[in-house]
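Colleague: The structure follows.
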Amino acid sequence: MIGFANDLQKGIIDRFRSLPMSRLAVVFGRTTSDLVVSIVALIVMSACGLAIGWRIRGSFVDAVLGYLVMLMFAWALSWVGALIGLAARSVEVAQSAGLIWMFPLSFISSAFVPLATLPGPLRAFAEWNPFTAVVNATRQLFGNEVGPPPVGWPAQHAALYAVLCCVAIIAIFAPLATAQYRRVASK
């Protein structure tokens with residue numbers, strides 16, 4: 001989000017507009033660079049976790065799948081961020097707009113609170129929340145499940161649901177971000 005907003009303010013998008021390249025290439029390049037940053041952050045976070053006692057109790061293949069689910073989700077959310085960053089008028093607006101939607105989604109999930117402790121409507125929302133799917137999938141794949149066994153289709157098929165959510169987010173936001181880039185670059 002912030003990267004695109006910064007590129008808009010500094011005129012880098014104007015430079016890209018003059019080059020003979022696909023509009024999708026600019027947005028795809030930015031989201032892919034965000035994915036690289038996510039890979040580095042995941043490596044550092046995993047190393048810190050291992051240093052303080054966290055362990056992966058699943059198989060090697062399951063662990064790799066867990067990391068891939070997290071990276072796919074990070075890449076999907078970078079498409080949302082690209083749209084917000086291109087629509088924002090400044091870096092400050094992009095940062096604020098990015099936090100407004102992300103905090104409720106991450107806090108109303110199983111990441112911090114067991115779903116059983118949430119009141120009815122929040123629990124129903126949290127059960128189908130993509131953040132919950134990714135959290136449940138990685139916990140299952142790493143062999144680090146906590147609390148009672150999950151109930152409901154999204155929890156019992158967390159990895160599949162997480163991947164489907166990622167595909168849906170990318171399918172929705174990649175064309176929207178590319179269209180927004182076309183509008184911004186044509187000004």
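The values are calculated or read from the model by the stated rules, or taken from the named source; none is laboratory data. Only a predicted model underlies this, so the values are computations on that prediction, with no experimental measurement involved. Neighbour counts run over all protein chains shown; Cβ positions are idealised from the backbone, glycine included.
Colleague: Taking the condition of being touching a helix residue (DSSP H, G or I) at 6+ places or on another chain (Cβ under 9 Å) and part of a helix (DSSP H, G or I), how many residues in the range 90-106 meet it?
Modeller: To start, the set of residues in the range 90-106 that are touching a helix residue (DSSP H, G or I) at 6+ places or on another chain (Cβ under 9 Å) comprises 90-95, 97-98, 101-102, 105-106.
Then drop every residue that is not part of a helix (DSSP H, G or I), which leaves 91-95, 97-98, 101-102, 105-106.
Going through the range 90-106 one residue at a time, the tally reaches 11.
Colleague: Could you tell me whether the range 86-106 includes any residue that is exposed (fewer than 15 other Cβ atoms within 10 Å of the Cβ) and of a type in the set (Phe, Trp, Tyr)?
Modeller: Looking through the range 86-106, at least one residue is exposed (fewer than 15 other Cβ atoms within 10 Å of the Cβ) and of a type in the set (Phe, Trp, Tyr).
Colleague: Checking residue 116 against (1) touching a Lys or Arg at 6+ places or on another chain (Cβ under 8 Å); (2) closer than 26 Å to residue 36 by Cβ, which single condition isn't satisfied?
Modeller: Condition not satisfied by residue 116: (2).
Colleague: Quick one: in the range 114-136, which of the residues that are free of Cβ contacts under 8 Å to residues at least 12 places away in the same chain and outside any helix (DSSP H, G or I) is farthest from residue 162 (Cα to Cα)?
Modeller: Step one: list which residues in the range 114-136 are free of Cβ contacts under 8 Å to residues at least 12 places away in the same chain, which gives 117-121, 123-124.
The next check asks that each one be outside any helix (DSSP H, G or I); those that pass are 118-119.
Details: 118: 21, 119: 23 Å.
Checking each candidate, the answer is 119.
Colleague: Looking at residue 64, is it more than 16 Å from the chain's Cα centre (by Cα) and within 28 Å of residue 145 (Cα to Cα)? Before you say what the answer is, go through the steps one by one.
Modeller: Working: more than 16 Å from the chain's Cα centre (by Cα): yes; within 28 Å of residue 145 (Cα to Cα): yes.
Yes; evaluated as a whole, the condition is true for this residue.
Colleague: Tally time: how many residues in the range 34-83 are in contact with a helix residue (DSSP H, G or I) (Cβ under 6 Å, 6 or more places away or on another chain) and not in a helix (DSSP H, G or I)?
Modeller: Final tally of qualifying residues: 2.
Colleague: Among the residues of the range 156-163, is there at least one that is assigned to a helix (DSSP H, G or I), at pLDDT 95 or above, surrounded by fewer than 16 Cβ atoms within 10 Å (Cβ to Cβ) and not acidic (Asp, Glu)?
Modeller: yes
Colleague: I'd like the full set of residues that are in contact (Cβ under 8 Å) with a residue 24 or more places away in the chain and not in a loop (DSSP other than H, G, I, E, B), limited to the range 141-155.
Modeller: Listed by number, the residues that qualify are 141, 142, 154, 155.
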